[in-house]
Amino acid sequence: MEDKTHFIDAIKTAHESGGRDGVRDVLATFLESWGGPPDWIGPLAGGDFSVIYRDDALTIMNIIWPKGIITEPHNHNSWAVIGIYQGREDNLLWARDGEGIKPIGSLTLAAGDTYAMSADDIHTAFNPSQSLTGAIHIYEGDFLSTPKREWDPITHEERPRIMAETFAHFRDEG
Ligand SMILES: [Fe+2]
């Protein structure tokens with residue numbers, strides 16, 4: 001657990017001194033040194049959506065993406081830094097368009113990659129592979145109490161994002 005504590009402390013320090021981009025730089029350094037899942041995470045459990053650290057300023061989560069799982073298009077209403085330590089996480093990127101959203105691009109993240117998002121960025125994230133993806137997701141603020149938005153993937157109608165539904169989806173697919 002010493003390594004886990006060291007990781008959390010390093011991310012908190014990076015946040016205080018360098019904000020989002022400081023967090024991204026430090027996370028990238030850890031990913032490179034780990035070269036895969038860090039020992040303190042233990043055996044990967046598909047569908048795990050667990051909080052590593054949480055306070056009013058910062059939330060660090062470990063997310064294990066079951067094979068083929070996909071989220072709804074959503075924002076976070078806080079900046080985010082994603083770092084992959086195993087597998088692959090693909091993203092569809094969206095922008096607001098009138099009452100709905102429109103596609104503006106896509107992005108593939110592989111092990112060792114990091115990605116920084118702004119508070120109003122919208123993405124669909126999915127695991128396109130037949131094996132588990134392991135990722136650290138870091139959010140400014142208290143991720144679990146920050147209201148977020150999502151969009152119907154077919155009609156693009158906007159609605160509140162209910163995290164309990166996302167957790168259940170991951171658990172069911174895991
Ligand atoms: Fe997201």
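The values are calculated or read from the model by the stated rules, or taken from the named source; none is laboratory data. Everything quoted here is computed from the prediction, not taken from an experiment. Counting neighbours? That spans all protein chains shown, and the Cβs are built from the backbone with ideal geometry, glycine included.
Worth a mention:
- For beta carbons closer than 8 Å, sequence separation of 6+ or different chains, a first residue in region 157-174 that is of a type in the set (S, T, N, Q) and a second that is modelled with pLDDT of 95 or more and surrounded by 15 or more Cβ atoms within 10 Å (Cβ to Cβ), the qualifying pairs are THR166/THR71.
- Those residues of region 92-115 which are crowded, with 17+ Cβ neighbours inside 10 Å and either farther than 19 Å from GLU157 by Cα or in contact with a His (Cβ under 6 Å, 6 or more places away or on another chain) (or both), in sequence order: ILE101, LEU109, ALA111, ASP113, THR114, TYR115
- Within region 24-76, considering residues that are among the hydroxyl-bearing types (Ser, Thr, Tyr) and touching a helix residue (DSSP H, G or I) at 6+ places or on another chain (Cβ under 6 Å), the one surrounded by the most Cβ atoms within 10 Å (Cβ to Cβ): THR59
- Residue that is nearest to ARG161 (Cα to Cα) [pool: residues in region 128-144 that are surrounded by fewer than 21 Cβ atoms within 10 Å (Cβ to Cβ) and among the small types (Gly, Ala, Ser)]: GLY141
- Qualifying residue in region 63-71 (condition: at pLDDT 95 or above, in contact with a Gly (Cβ under 8 Å, 6 or more places away or on another chain) and within 12 Å of the ligand (Cβ to nearest atom)): yes
- Any pair with Cβ under 7 angstrom, 6 or more apart, that starts in region 54-79 at a residue that is over 19 Å from ARG24 (Cα atoms) and ends at one that is within 14 Å of the ligand (Cβ to nearest atom) and charged (D, E, K, R): TRP65/GLU89; GLU72/GLU150; PRO73/GLU150; HIS74/LYS148; HIS74/ARG149; HIS74/GLU150; HIS74/ARG161
- Check on SER33, under 22 Å from GLY87 (Cβ atoms), of a type in the set (S, T, N, Q) and without any contact (Cβ under 8 Å) to a residue 12 or more places away in the chain: yes
- ILE84 being in contact (Cβ under 8 Å) with a residue 24 or more places away in the chain, within 16 Å of the ligand (Cβ to nearest atom), closer than 26 Å to ILE162 by Cα and in contact with a Phe, Trp or Tyr (Cβ under 7 Å, 6 or more places away or on another chain): no
- Of all residues in region 122-173, those that are in a loop (DSSP other than H, G, I, E, B), among the small types (Gly, Ala, Ser) and either within 15 Å of the ligand (Cβ to nearest atom) or out of contact with any strand residue (DSSP E or B) (no Cβ under 7 Å at 6 or more places or on another chain) (or both) total 2.
- Tally, over region 94-121, of residues that are under 14 Å from the mean Cα position of the chain (by Cα), assigned to a strand (DSSP E or B) and closer than 19 Å to LYS148 by Cβ: 3
- When ALA45, ALA14 are checked against the criterion of being hydrophobic (A, V, I, L, M, F, W, C) and under 19 Å from MET117 (Cβ atoms), a single residue qualifies: ALA14.
- Scanning region 5-51 for residues that are in a loop (DSSP other than H, G, I, E, B) and modelled with pLDDT under 95, we see that the one that is nearest to GLY141 (Cα to Cα) is ASP48.
- Qualifying residue in region 4-18 (condition: more than 15 Å from the ligand (Cβ to nearest atom), under 13 Å from the mean Cα position of the chain (by Cα) and crowded, with 19+ Cβ neighbours inside 10 Å): no
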